[in-house]
Structures are given as structure tokens and as C-alpha cells.
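Asks: What follows is a structure written as C-alpha cells; I'll ask about it next.
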Amino acid sequence: MGELLREWRRRRKLSQLDLAIQADVSSRHVSFVETGRTMPSSAMVLHLAEQLAVPLRERNRLLVAAGHAPVYRQTPPDDPDMTRVRAALEQLVRAHAPYPAVAVDRRWNLLLANDSFTAFLAAIDKKLLTAPINLMRLGLTPGGLAIRNLEQVRGYLLPRLARQAAASGDPALHQLYDELVAQGPVDTTPPDPADIALPIHIHHRGTDLTFLTTITTFGTAFDITLEEVAVETYLPADERTMRYFTEARGTFA
């Protein structure tokens, strides 16, 4: 327990005193927990984990390491509760039509996609379409989405992926980052501050399309499966893109 807590505290770049102040406990108590001289209650484990923004999956690990039962469940996909959630996700993804939308898991593996996004897959290298289909690989790997400003997008997404890997402690995300960063240079040019967001330019069916993207997560999730789901939507960033999808409504398959 102490080693895990120390690892998370260092990931968050906090001293023992910083964590103690945030958690409203003594720095001595934090020190005793980290050195194994004190075994915290389950309530204290969860309290410290909350201060460190530890993901639910890893909070269960902390609890078990401290000798307590895990409290966060991971609902299987065929559970009735998750079936209802999946139905709601499907409705959300479909409702974004005619614009593309997907749902992904914590490792950016594709869970759901609407027809507008699925249409992009027709021109993608078949090697990238073997399960699990990974959205980061689709965007940043040669043979994936035909992103015109790829270096700029890599320069934005790869540091973000690195931060996500560090924040989650997930070795699979570290591996994904290492794989993608080895495929080409990362543009370190800062984005134009005059832009409202980084646009993504995709060439599709002979047309240059421009998107802004949003990420939606469940802000009050107490289930590991649910916490790790995110919906990414693609919004038209110019009139040409908006007109393309409006006129093509109903033709995607």
C-alpha cells in the first residue's frame, strides 16, 4: 500500500506535506502510511486516492494492498445495467449524425461508431482494422485517416497521450505512446493562439474536411467500466464540411 501511494503521489508531483495539506491529515501520517508503519482504514485509502485523482481501477488496487475489499465494481458488458448504458451510448453516438462520432475505452479502442465515422474506415489500411481497432492508431499511423495536418495533430495528441499514460499508470498506454512516437517527428510548434481550437483536416472522398473534436465522459461514474468510456464527436469547423455532411445525410454505410 505504501509503495503504491508513494508512486501515485510522485506521479502527481506532490510532496508528503502537499498531500497532507490537501487531505487535511498530518504529514507524519502520510509518511507512516508510505513506510508501512500505519495501515490506513478503507475510508482513508479512498480519501487519499481522491486527493491524488487515482482512477477507480487503481483505487481498488490500493484497497486490496491495504488489506481491504475492493469497492468499485467493473460491470461486464452483458450485465443489464451496462446494457442500458450501452443503449444510451449508441443513442448518443447516432444522435450526432450526420457528423462523425465514436465511443472508445480507456486505451482508445473503438467501442461504437456511427455511420458517418464508419465511412472513413473504407480507405484505411486493413491492418489497422483488426480488433481491437484503436482510434489513436487510426489517426497517427501511416495508412490511417488521411489527416492533412498530421504533424500538427501528432504534436498535440502525443503529449496528451503521454500525460494520460502518466496519469493513469496504464502500461498499455505507455506502450501505445512509444509505438506512435517512433513513427515520425513530433511537431513542437505551438498552435496559433488566434485559433479557438486545433482543427483536424481530413481528406475524404475527394473533399478536404475540417473538424473540431470534443470528448465526453461520465462525470459521476462509480463503475470502472463506465468511468473508462469516452465519446469523441467531430464538429464541422467550416461551411464546406457542414454542407458536405448535410448533403450526404443518409448516404453513409
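The values are calculated or read from the model by the stated rules, or taken from the named source; none is laboratory data. Since the model is a prediction, treat every value here as computed from it, not as a measurement. Methodologically, a virtual Cβ is constructed for each residue, glycine included, from the backbone with ideal geometry; neighbour enumeration extends over all protein chains shown. Quick note on the areas: whole protein, heavy atoms, side chains included, nothing else; ligands and nucleic acids left out. Shrake-Rupley method; radii C 1.70, N 1.55, O 1.52, S 1.80 Å.
Asks: Quick check on this structure: which one of Val181, Val186 is touching a Lys or Arg at 6+ places or on another chain (Cβ under 9 Å) and either at pLDDT below 90 or charged (D, E, K, R) (or both)?
Replies: After ruling out the rest, the residue left standing is Val186.
Asks: Only one of (1) under 21 Å from Val181 (Cα atoms); (2) touching a Pro at 6+ places or on another chain (Cβ under 7 Å) is not met by Asn114, so which one is it?
Replies: With respect to (1) under 21 Å from Val181 (Cα atoms); (2) touching a Pro at 6+ places or on another chain (Cβ under 7 Å), Asn114 is out only on (1).
Asks: Something else about it: For segment 138-169, which residues satisfy the criterion of being closer than 27 Å to Arg10 by Cα, in contact (Cβ under 8 Å) with a residue 60 or more places away in the chain and open to solvent by 30 Å² or more (accessible area, probe 1.4 Å)?
Replies: Correct list: Ala166, Ala167.
Asks: Another question about this same structure. If you check every pair at least six apart or on different chains, which have Cβ atoms under 6 Å apart with a residue in segment 211-232 that is part of a loop (DSSP other than H, G, I, E, B) first and a residue that is among the basic types (Lys, Arg) second?
Replies: Close Cβ pairs (under 6 Å, with a partner that is among the basic types (Lys, Arg)) amount to Asp223/Arg73; Glu228/Arg106.
Asks: Any residue at all in segment 156-166 that's of a type in the set (Gly, Ala, Ser) and out of contact with any helix residue (DSSP H, G or I) (no Cβ under 7 Å at 6 or more places or on another chain)?
Replies: The answer is no; no qualifying residue exists.
Asks: For segment 213-236, enumerate the residues that are more than 15 Å from Val102 (Cβ to Cβ) and at pLDDT 95 or above.
Replies: Passing the criteria: only Pro236.
Asks: Now a separate question. Of the residues that sit in segment 6-34 and are in a helix (DSSP H, G or I) and in contact (Cβ under 8 Å) with a residue 40 or more places away in the chain, which one is nearest to Pro55 (Cα to Cα)?
Replies: Within segment 6-34, the subset in a helix (DSSP H, G or I) is 6-11, 16-23, 27-34.
Then drop every residue that is not in contact (Cβ under 8 Å) with a residue 40 or more places away in the chain, which leaves 7-9, 11.
Numbers: Glu7: 14, Trp8: 10, Arg9: 13, Arg11: 13 Å.
This residue is Trp8.
Asks: Out of curiosity, is Thr35 open to solvent by 30 Å² or more (accessible area, probe 1.4 Å) and either in contact with a Leu (Cβ under 9 Å, 6 or more places away or on another chain) or more than 30 Å from Leu111 (Cα to Cα) (or both)?
Replies: Yes, satisfied.
Let's see how each residue does on (1) surrounded by 12 or more Cβ atoms within 10 Å (Cβ to Cβ); (2) of a type in the set (Val, Ile, Thr); (3) farther than 24 Å from Arg137 by Cβ:
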| position | (1), (2), (3) |
| --- | --- |
| Tyr177 | yes, no, no |
| Val186 | yes, yes, no |
| Pro199 | yes, no, no |
| Thr214 | yes, yes, no |
| Thr220 | no, yes, yes |
| Ile224 | yes, yes, no |
| Glu228 | yes, no, no |
| Thr233 | yes, yes, no |
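Asks: Which residues, counting only those in segment 113-137, are of a type in the set (D, E, K, R) and either surrounded by fewer than 18 Cβ atoms within 10 Å (Cβ to Cβ) or on the phi > 0 side of the Ramachandran plot (or both)?
Replies: Asp115, Asp125, Lys126, Lys127, listed by residue number.
Asks: Tell me which residues, restricted to segment 82-97, are touching a residue at least 60 places away in the same chain (Cβ under 8 Å) and part of a helix (DSSP H, G or I).
Replies: Across segment 82-97, the qualifying residues are Met82, Val85, Leu89, Leu92, Val93.
Asks: Can you pull out the residues in segment 43-69 that are outside any loop (DSSP other than H, G, I, E, B) and either in contact with a Gly (Cβ under 9 Å, 6 or more places away or on another chain) or farther than 17 Å from Val30 by Cα (or both)?
Replies: Matches in segment 43-69: Leu56, Arg57, Glu58, Asn60, Arg61, Val64, Ala65.
Asks: Taking the conditions exactly as written (closer than 25 Å to Arg163 by Cβ, at pLDDT 95 or above and not acidic (Asp, Glu)), does Leu52 satisfy them or not?
Replies: In short, yes.
Asks: While we're here: Which of the helices (runs of 4 or more DSSP H) found entirely inside segment 112-203 contain at least 2 residues meeting this: closer than 30 Å to Glu58 by Cβ?
Replies: 135-140, 150-168, 171-181
Asks: Just one of Glu3, Glu50, Glu58 is surrounded by fewer than 16 Cβ atoms within 10 Å (Cβ to Cβ), closer than 21 Å to Ala221 by Cβ and either in contact (Cβ under 8 Å) with a residue 24 or more places away in the chain or in contact with a helix residue (DSSP H, G or I) (Cβ under 9 Å, 6 or more places away or on another chain) (or both); which is it?
Replies: Of the residues listed, the single one that is surrounded by fewer than 16 Cβ atoms within 10 Å (Cβ to Cβ), closer than 21 Å to Ala221 by Cβ and either in contact (Cβ under 8 Å) with a residue 24 or more places away in the chain or in contact with a helix residue (DSSP H, G or I) (Cβ under 9 Å, 6 or more places away or on another chain) (or both) is Glu50.
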